[in-house]
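*Asks:* For reference, the structure I am asking about is given below.
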Amino acid sequence: SVRRQGDHRGLPASAGSGVIIDGVKGIIVTNNHVVRGSGKVKVTLLGGDERVGTVLGTDDDTDIAVIQINPGKPLPAATFGDSAGLKIGQLVVAVGNPYGLNDTLTFGIISGLNRENVNLSRYEDFIQTDASINPGNSGGPLLNIRGDVIGINTAIINYAQSIGFAIPSNIVVKVVDELLKFGEVQR
């Protein structure tokens, strides 16, 4: 889980999830809105280990942020799948910490692709799923049944039942590469 600390502007602490993408360097991808405006975040690893994370870069347009922790020893890292090959009806699993309930797994299908006009971020090409995604799942992985990350779950439409959205993995990989190289996405 990734948690922004409350700060001097009185912004409340927010909580979400993240995906370790480099276990040796301790690089984690999450949603920008989870860490918004914060240089440091609290990261709780599976098993309860707590670390301080540094925000390396954020991209408002796609709602992606990259943070780094000191891993201590190499951590298991996720593998990205190819989101270009996704099909409607395909089985998916969402992982996260909804409402502080750690390591919750929900199951569903891809119910739509290339979703736009969702007003979640400026860049819009979402995977729509009926796997339950709640605020604490934000930044966590959407997995195919092989366990590859095919999307990063993002904020839900609060009043919608059983509609969740994820940023496709191919976009995430591109954004993360640029954030690690340049600290920002060059458009």
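*Asks:* For Phe126, what accessible area in Å² do you get when you roll a 1.4 Å probe over the heavy atoms of the protein chains, rounding to the nearest 10?
*Replies:* Accessible surface of Phe126 is approximately 10 Å².
*Asks:* Which of the lysines could a cross-linker bridge to Lys25, judged by Cα under 20 Å and excluding same-chain residues fewer than eight apart?
*Replies:* Lys40, Lys42, Lys73, Lys174, Lys181
*Asks:* How much length is gained if the chain between Asp177 and Leu46 is pulled fully straight, taking 0.36 nm per residue apart and subtracting their Cα-Cα distance, in nm to one decimal?
*Replies:* Details: separation 131, 0.36 × 131 = 47.16 nm, distance 2.50 nm.
Taking 0.36 nm per residue and subtracting the Cα distance, the gain is 44.7 nm.
The values are calculated or read from the model by the stated rules, or taken from the named source; none is laboratory data. Since we're looking at a predicted model, the values are computed, not measured. Heads up: the accessible areas ignore ligands, DNA and RNA and are worked out on the full protein's heavy atoms, side chains in. Shrake-Rupley method; radii C 1.70, N 1.55, O 1.52, S 1.80 Å.
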